[in-house]
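What follows is a single structure, written as structure tokens, with notes after it.
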Amino acid sequence: MKALALRWGALVRTHGLGFNTHLVVGLTLALVTLPQAVAFSVTLAGVPPHFGIYAAIWGVLFCALLNPSPVFHGGPNTAMSAAVGVILLPIAPPFGAEYMGFALTLGLMTGLIQLLFWLVRPLGRMLDLMSEPVINGMICGIGLFLIFKSLTTFGGLPLNTQVEWPLWIAGQSLLAVLEVGNPYAIEIGLITLATSVVMQQFGRLRSWAILGGIAAGTLYAEWLNRRYGLGTTLVEQIGNLSAIRPFLPSVPTFSQEVMHDIVAIVPGAVTLALLGLFQTVAALRRMSRKAGGFADSRGAIFSDAVTNCALPFLSSLPSCASFNRMWLVHKLGIHSRITIAASAVLLLLLVLFFAPVIAIIPMPAMAAIIMLLGANMLKWEDVKPHLANRREAVVFIGAFLAVLFLDLFGAVLVGCLLAIAYSKWEQAHPNISLHGDVLKIRGNIYYGSLPVIEKVYHQALSATDKLVIDFSQVYYIDPEGMRWLAAARTAGHATFIDRRSGRDRRDHQAVSSEIAQQRRAKHDRRHKVDL
């Protein structure tokens, strides 16, 4: 605890000069997180709003304390909240006491499984198989997903509670907004968008852009309600949050009577744990690179695991990294754990002391802000490098489309499988060139590449009786490759050369000589002992 206090003291001294900026960005994060927490709880997970709000408070605080990355922002998450609803829907009816108990049990099981990934290093190392094209494809897909998901709220229509959200449903939502959308809600959303975009163009106002947009949309909505009446405008508001308390303890459901139901949700808990860890590692790697730093994924895994083990005892949904909120922190130019912790504290203060003010914020304004965040995640400068390479383009497009047509976990699996498949394909196809009777191999000689090498080798033997194999640029030879080389040399069809530079050869000879001397010295010592 003393070390933790000293570390946070150093952080405060380092960032204390810009404390007002930390408060502004923290307040922005709190206002952005609030409607997401409510929507994720009610429409996706099937639990009361306080589950998401507590996850946005305690989940963010725990992550700020435990995660060493200054860009990490956790809390309630779209995919994880949706997964909770899918897993528990066959077990119990949503919003009931039994359902909420199972939701807490599912969250605790998720945290314990994630803790296993931290304890067993090879399991955690598997999460690093996501390449940058996979991560950027997911980011762009999530950005478009947020825009589509917010369309109905932007147009003043009821929230779409379908867990799966394929692209064609988004098209139907757009048509519904254009045909039967509430014009008052659309006006509020457009004013919010326009205000935020204009404020973003000015450096001094950039940190206030989202707050300014929400304020403009709320003021316009209040003017409409006073002029025409709420019964005419029918603009949905966030609503009453006065029942929220700072601390609401809870206990997950574990009893003999429901043990068969708990066993039934174990596969779902594994899926939920992997879904959270994949998102956390992917988001952390991407945003750390954006910020010009580095963060160890093991720290993030530990942070998620401990947080999700604690949250079920605080009436909260499971937590993981949030791409859109981390992107917002990066866009606002603040990379500090103090800002992340401040957002959680400010959210708690907002729901405790300003619940009547928050209650009148129109949902179309919040939907407009989420759409703006989604648009900011679609950056051409991040996409263009991947399209220049065919392998990366396939992986990027596969992950991007998987987010839209499957889900986030499916996108991770599709992207990783494509990345691994293309990596193995390149390793199995080394660069082979034939100049006269010299066959040069650039790459690996192993069981996967031997069919390609043998084909060129036998084609070359049809034109000459003997070949010279240059493997100076071969990086790896497995036992099967060594047996093939030995057979070619024994048959008298090939000789080998090493055309590395003189310095490389001298370095190699020096290392070989040093190893030989060490072996002779070791042999002499053993010989003396025997004597």
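One line per residue, one yes/no per condition, for (1) modelled with pLDDT of 75 or more; (2) outside the structural domain of A282 (by TED's automatic domain parsing); (3) within 21 Å of L106 (Cα to Cα):
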| site | (1), (2), (3) |
| --- | --- |
| G9 | no, yes, no |
| T14 | no, yes, no |
| N20 | no, yes, no |
| L34 | yes, yes, no |
| A37 | yes, yes, yes |
| H50 | yes, yes, yes |
| I53 | yes, yes, yes |
| V71 | no, yes, no |
| L88 | yes, no, yes |
Going by the conditions given, is I432 over 21 Å from the mean Cα position of the chain (by Cα) and modelled with pLDDT under 75? no
Does L167 satisfy the criteria of being modelled with pLDDT under 75, surrounded by fewer than 24 Cβ atoms within 10 Å (Cβ to Cβ) and farther than 16 Å from A402 by Cβ? no
In segment 91-102, how many are in contact (Cβ under 8 Å) with a residue 24 or more places away in the chain and open to solvent by 60 Å² or more (accessible area, probe 1.4 Å)? 2
Among the residues of segment 195-215, what is the count of those that are of a type in the set (G, A, S), open to solvent by 30 Å² or more (accessible area, probe 1.4 Å) and within 18 Å of M363 (Cβ to Cβ)? 1
Would you list the helices (runs of 4 or more DSSP H) that sit entirely within segment 321-372 and hold 1 or more residues that are among the basic types (K, R) and either at pLDDT below 80 or open to solvent by less than 10 Å² (accessible area, probe 1.4 Å) (or both)? 323-331, 337-353
Can you find a residue that is open to solvent by 90 Å² or more (accessible area, probe 1.4 Å) and either at pLDDT 85 or above or among the hydrophobic types (A, V, I, L, M, F, W, C) (or both) anywhere in segment 239-250? yes
Report every pair of residues separated by at least 6 positions or lying on different chains whose Cβ atoms are under 9 Å apart, first residue within segment 444-465 and in the same structural domain as A488 (by TED's automatic domain parsing) and among the aromatic types (F, W, Y), second open to solvent by less than 20 Å² (accessible area, probe 1.4 Å) and part of a helix (DSSP H, G or I). Y446/G481; Y447/G481; Y457/A488
Checked segment 103-133 for anything of a type in the set (D, E) and open to solvent by less than 50 Å² (accessible area, probe 1.4 Å); matches are D128
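The values are calculated or read from the model by the stated rules, or taken from the named source; none is laboratory data. Keep in mind the model is a prediction, meaning the values are calculated, not measured. Cβ sites come from the backbone with ideal geometry, for glycine too, and all protein chains shown count toward neighbours. Each accessible area value is taken on the protein alone, full model and side chains, heavy atoms only, with ligands, DNA and RNA left out. Shrake-Rupley method; radii C 1.70, N 1.55, O 1.52, S 1.80 Å.
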